[in-house]
1. Are there any pairs with C-beta distances below 8 angstrom linking a residue in segment 98-116 that is farther than 20 Å from Cys56 by Cβ and touching a residue at least 12 places away in the same chain (Cβ under 8 Å) to a residue that is surrounded by 14 or more Cβ atoms within 10 Å (Cβ to Cβ) and among the hydrophobic types (A, V, I, L, M, F, W, C), with the two at least 6 apart or on different chains, and if so which?
2. If we scan segment 89-109, do we find a residue that is within 12 Å of the ligand (Cβ to nearest atom), closer than 18 Å to Ile29 by Cα and of a type outside the set (Phe, Trp, Tyr)?
3. Across segment 49-68, what is the number of residues that are open to solvent by 30 Å² or more (accessible area, probe 1.4 Å) and either in a helix (DSSP H, G or I) or more than 10 Å from the ligand (Cβ to nearest atom) (or both)?
4. Just checking, how many residues over segment 164-196 are aliphatic (A, V, I, L, M) and assigned to a helix (DSSP H, G or I)?
5. State whether one or more residues within segment 177-185 are closer than 27 Å to Phe156 by Cα and hydrophobic (A, V, I, L, M, F, W, C).
6. Restricted to segment 1-31, and to residues that are more than 7 Å from the ligand (Cβ to nearest atom) and of a type in the set (D, E, K, R), which residue is surrounded by the fewest Cβ atoms within 10 Å (Cβ to Cβ)?
7. Applying the selection to segment 117-137, what residues are open to solvent by 10 Å² or more (accessible area, probe 1.4 Å) and either under 14 Å from the mean Cα position of the chain (by Cα) or more than 21 Å from Ala71 (Cα to Cα) (or both)?
8. Filter segment 76-85 down to the residues that are open to solvent by less than 60 Å² (accessible area, probe 1.4 Å) and either in contact (Cβ under 8 Å) with a residue 40 or more places away in the chain or closer than 14 Å to Leu124 by Cβ (or both) and list them by number.
Amino acid sequence: MPVYCITGTNRGLGLEFVRQLAQSADNTILACTRSVSSDLTDLKAVASSSTHILACDVGDLGSIREFVKEAAKILAGKKIDFLLNSAGINPAGWQSSLSLGPDDVLTQIRVNVLGPAKTVEFLLQADRLAKDVRIMNMSSGLGSMQRSLELKPRKFAGYSISKAALNMLSIHQAGDLKENLPGAVVILMDPGWVKTRMGGEGAILTPEESISGMLKVVHGLKEEDNAKFYHYSGKQVPW
Ligand SMILES: NC(=O)c1ccc[n+]([C@@H]2O[C@H](COP(=O)([O-])OP(=O)(O)OC[C@H]3O[C@@H](n4cnc5c(N)ncnc54)[C@H](OP(=O)(O)O)[C@@H]3O)[C@@H](O)[C@H]2O)c1
């Protein structure tokens, strides 16, 4: 009876994670969404009877703390086996390294980096992570130095900077969590270029293809995979 916790589930990749995982009645799912007052029609349509929809704005520390309290009540002693940090933003894609908006950069760091950092930290403090928890932080090919070097012209400077920072966060989490949870595995994921609001209609993959690939990777993780950077296809992404 595995327990999954997924952020950013009202649309996009997070929604597709819930849709696929809800097909097994054995899965308990904590489906987090920035706000429970936004339109949750799609999420409710895919949710199973073991799916719990909870508010968690990963850009707001107070909201993450409240979410952890609610999650603890629902889990009633159970722990999270899979934490899928999918929520993310790319609000200022037109900015280059020569025109970064300070507020836009800070907002991306708050949501894309501090969000997964504090979600893990507060869940650990509340003793809600299983001792062999699998944590997937959703990165991007644009978080890879190598992949960005190959892009001419470069793309999405602020977003890339935040995903590169998320990569380094994950390396630290993969080491630091071992002290309390020796079997924990933290990985980064590049979902490919996927047709969502962020990926756009011109993207190559459907959410279904990307998520089924990612779930295969996540379900096959072993301890020696700690701190690896995967592509949804199962290949590794160069740093
Ligand atoms: N699609 C791609 O091609 C692609 C490629 C590489 C990486 N990614 C990464 O994959 C992840 C999911 O992207 P996507 O394509 O599904 O994007 P999306 O369609 O724009 O959906 C983003 C999701 O994140 C949520 N979110 C944004 N800010 C949040 C916050 N502060 N707290 C909680 N939830 C928040 C959104 O909720 P609201 O509706 O409330 O804003 C929405 O559910 C992101 O981390 C993204 O960087 C996507």
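1. Leu100/Ala157; Gly101/Ala92; Asp104/Ala92; Val105/Ile161
2. No: zero hits.
3. Of all residues in segment 49-68, those open to solvent by 30 Å² or more (accessible area, probe 1.4 Å) come to 49, 52-53, 55, 57, 60-62, 65-66.
Next cut, either in a helix (DSSP H, G or I) or more than 10 Å from the ligand (Cβ to nearest atom) (or both) only: 49, 52-53, 61-62, 65-66.
Of the residues in segment 49-68, 7 are open to solvent by 30 Å² or more (accessible area, probe 1.4 Å) and either in a helix (DSSP H, G or I) or more than 10 Å from the ligand (Cβ to nearest atom) (or both).
4. Number satisfying all stated conditions: 8.
5. no
6. Asp26
7. Selection gives Ala117, Lys118, Arg134.
8. Across segment 76-85, the qualifying residues are Ile80, Asp81, Phe82, Leu83, Leu84, Asn85.
The values are calculated or read from the model by the stated rules, or taken from the named source; none is laboratory data. Computed from a predicted structure; not experimentally measured. Cβ coordinates were reconstructed from backbone atoms using ideal geometry, including for glycine residues, and neighbour counts include every protein chain displayed. What goes into the accessible areas is simple: the full protein's heavy atoms, side chains included, and nothing from ligands, DNA or RNA. Shrake-Rupley method; radii C 1.70, N 1.55, O 1.52, S 1.80 Å.
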